[in-house]
Every structure is written in structure tokens, then in C-alpha cells.
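Participant: This is the structure I have questions about; it appears just below.
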Amino acid sequence: MSIHLHFRAVAQSEIRDDHTWLAAFMYEAWQNHPAEYAEGVAGSIEKVFGFVNDLYAAADAPDTDMDVDGGGGRIWELPVYGGRPVAHGAGAAPSDPPMMLLEPPGVARAADFLARVSFDELWSLAGAGACGRFGGEAQVRQEFLRHHEDLRRLYGRAASAGRAMVKVVWA
């Protein structure tokens, strides 16, 4: 079984805060994912998104000097799981996917975190935990680096355009 966390940058004025509408919007975006990825408005992480989040959590480790937001906040949570859940409406099917909406200020903070955090430092702190689960270190490190670079690019473009980020889990 494949499970993906799908990210889509969108102008806040173009979306409705309605689960049914957003599910249809995101489903259409998922059908066009290769083109939207190439345009820089979408991204996805297959299966390992929780471990990407864990990698970012290393920025919050008490023995690090990565105070990336200047205030010791939990900015590292924004790229993967950040945002508020979009509530299911009345009559929603149990199979409706979980979704989150990260408003433009959160997107900007996530972009800043991703631009400033050192992947190499995060990897040295938390990468070993992923290697044992997914394969050899070089291969796994390259996969996580690709996810990090994709997220940095996606959030950077979204922040510069003042966009929100919709996230949905497809199973």
C-alpha cells in the first residue's frame, strides 16, 4: 500500500475552508501532480513523511545550537505537519482524507526555517534513526536530502507569492 502526504501551494483567496471542496480540489491537483510539481506549486512525500518530520525535530533538540527562529519556538513542526486540520463537514464519508491548511504567515515561517536549517547538521543528529529502517545510509540520506530540497523549494516559492499550503494524506 502506498501512502503520500501531498502539498499544494494555493492563493488563499482561491480556496474554500470546506473539507468537501478542498478534497475535490486536492484530488484534481493529485491527478495533475507531475505537471504541478514541475511548475513548483506541489510536492509529495511517499511513506516517510513522519521521519522527515522527525529529522526536522532534531532542530529542537536541547543540545543543538539551531535556534532557527530566534525565539526557541517549534518552527520545525511547520513544513510537514504544520497547519490546522480542516474539519469534515456533515455527511462526510469516513474515507475522506485528512487535510491541513497552513495560512500564508505559517508558510513564510516554514520557508524561513527550511532556508536556514542545515540539512547536514540535522542528518548528523537524527539521520541514523532513518537508516536502519529504510536501507543503506547513502541511499537514505540522498532520499531525505531530496525531500528537504523539494520542501525548501516549494515553501520558498509559496512564501514569496504569499500563498497558503494545503496538505492531504492519500492512502
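Since every read-out is calculated from the coordinates, none of them should be taken as a lab result. Note that the coordinates shown come from a computational prediction; the quantities given were computed from them, not determined experimentally. All Cβ positions, even for glycine, are placed from backbone atoms using ideal geometry, and neighbour counts span all protein chains on display.
Participant: Round to a whole angstrom and tell me the spacing of the C-alpha centers of the stretch 98-137 and the stretch 1-47.
Facilitator: Value for the Cα centre distance between the two parts: 19 Å.
Participant: Can I ask one more? Using θ = phi - 60° and the Karplus form 6.51 cos²θ - 1.76 cosθ + 1.60, what ³J(HN,Hα) does each residue of the stretch 156-171 get, whole Hz, x for Gly and Pro?
Facilitator: In residue order, the calculated couplings are x, 5, 5, 5, 5, 9, x, 8, 8, 10, 9, 10, 9, 9, 9, 10 Hz.
Participant: Okay, moving on. With all pairs of different alpha carbon atoms counted, what Kirkwood hydrodynamic radius in Å does the stretch 107-171 show?
Facilitator: Across the stretch 107-171, the inverse of the average 1/r is 13.1 Å.
Participant: Rounded to the nearest 500, what is the chain's calculated 222 nm mean residue ellipticity when only DSSP H runs of at least 4 contribute -39500 (n - 2.57) each, over all residues?
Facilitator: -15500 deg cm²/dmol
Participant: Now a separate question. At R0 = 22 Å, how high is the FRET efficiency between A171 and E28 if r is their beta carbon distance? Nearest 0.05 is fine. All intermediate terms of the calculation are to be shown ahead of the outcome.
Facilitator: Working: r = 18 Å, r/R0 = 0.81.
Once rounded, the FRET efficiency stands at 0.80.
Participant: Extending each Cα 7 Å along its Cβ direction at E137 and E39, get the distance between those two points in nm, one decimal.
Facilitator: 4.1
Participant: Got a sec to turn the phi values of the stretch 117-123 into Karplus ³J(HN,Hα) couplings, 6.51 cos²θ - 1.76 cosθ + 1.60 with θ = phi - 60°, whole Hz, x for Gly and Pro?
Facilitator: These are the phi-based 3J(HN,Hα) values: 6, 8, 4, 4, 5, 4, 4 Hz.
Participant: If amide hydrogens are placed 1.01 Å from N in the peptide plane, which non-local residues have theirs closer than 5 Å to the one on M99?
Facilitator: Sorted by chain and number, the residues that satisfy this are V86.
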